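Participant: First the structure, then my questions, so here it is.
The values are calculated or read from the model by the stated rules, or taken from the named source; none is laboratory data. This structure is a prediction, so every number in the text was calculated from the model and none was measured. Using ideal geometry, Cβ is built from the backbone for each residue, glycine included, and neighbour counts are taken over all protein chains shown. All accessible areas refer to the heavy atoms of the entire protein, side chains included, with ligands and DNA or RNA removed. Shrake-Rupley method; radii C 1.70, N 1.55, O 1.52, S 1.80 Å.
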Amino acid sequence: MPIPEFLAALRARVGDALIVLPSVTACVFDDAGRLLFACHDGGVWAPPGGIIEPDEHPREAVVRELREETGLDIEVVDLIDVYGGPLFRNRYSNGDQVSYVITAYGCRVTGGTLTPDLEEITDARFLAESELDGLRLASWTGVALPDMYAWWRRTNR
């Protein structure tokens, strides 16, 4: 996974010490109420997203991340929630420690073709709640997924 220049410069100063990173995730649903998931390194699945870069508005970050990772153009519809805490902490294989604060947005596809970038994600697909058993999900999804699917049900009656 490529590291943004600002984060590489920060890591050069703090090494692998724990840092808090603001991030976003896009909750993109198809007409059947299936949520878009992306497969990351190690076969871990989660809704797509990424970190917010300096001076970037979170809504712009989620649009940028989706275009980069999936080839989809999206429109932000709603703020679902903001998440953080111990389940949002990660230690990467190189030793870097992060604690993510994730802003989750409900989004709608406006264009593009679903095409994983094969750099940050290796696969992407829409999944119903009933299809999640057996997948290796990111640790934080147990907290956030119920809210995400509930948001779709509430807004698509």
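Participant: Could you go through region 107-123 and let me know if any residue there is part of a strand (DSSP E or B), in contact with a Ser or Thr (Cβ under 6 Å, 6 or more places away or on another chain) and under 23 Å from Pro2 (Cα atoms).
Facilitator: Taking every residue of region 107-123 in turn, none turns out to be part of a strand (DSSP E or B), in contact with a Ser or Thr (Cβ under 6 Å, 6 or more places away or on another chain) and under 23 Å from Pro2 (Cα atoms).
Participant: Right, here's the next one. When residues of region 73-117 are filtered for being at pLDDT 95 or above, surrounded by fewer than 13 Cβ atoms within 10 Å (Cβ to Cβ) and of a type in the set (S, T, N, Q), how many remain?
Facilitator: Of the residues in that region, 3 qualify.
Participant: While we're here: Looking only at region 131-152, which residues are open to solvent by 40 Å² or more (accessible area, probe 1.4 Å) and either within 15 Å of the chain's Cα centre (by Cα) or at pLDDT 95 or above (or both)?
Facilitator: Passing the criteria: Glu131, Leu135, Arg136, Leu137, Ser139, Gly142, Val143, Pro146, Asp147, Trp152.
Participant: I'm trying to understand the selection: among the residues of region 51-80, which are on the phi > 0 side of the Ramachandran plot and touching a residue at least 24 places away in the same chain (Cβ under 8 Å)?
Facilitator: Across region 51-80, the qualifying residue is only Gly71.
Participant: Which numbered condition in (1) open to solvent by 10 Å² or more (accessible area, probe 1.4 Å); (2) touching a residue at least 40 places away in the same chain (Cβ under 8 Å) is the only one that Pro48 fails?
Facilitator: (1)
Participant: To continue, here is another question. Please give the number of the condition Pro54 fails out of (1) at pLDDT 95 or above; (2) in a strand (DSSP E or B).
Facilitator: (2)
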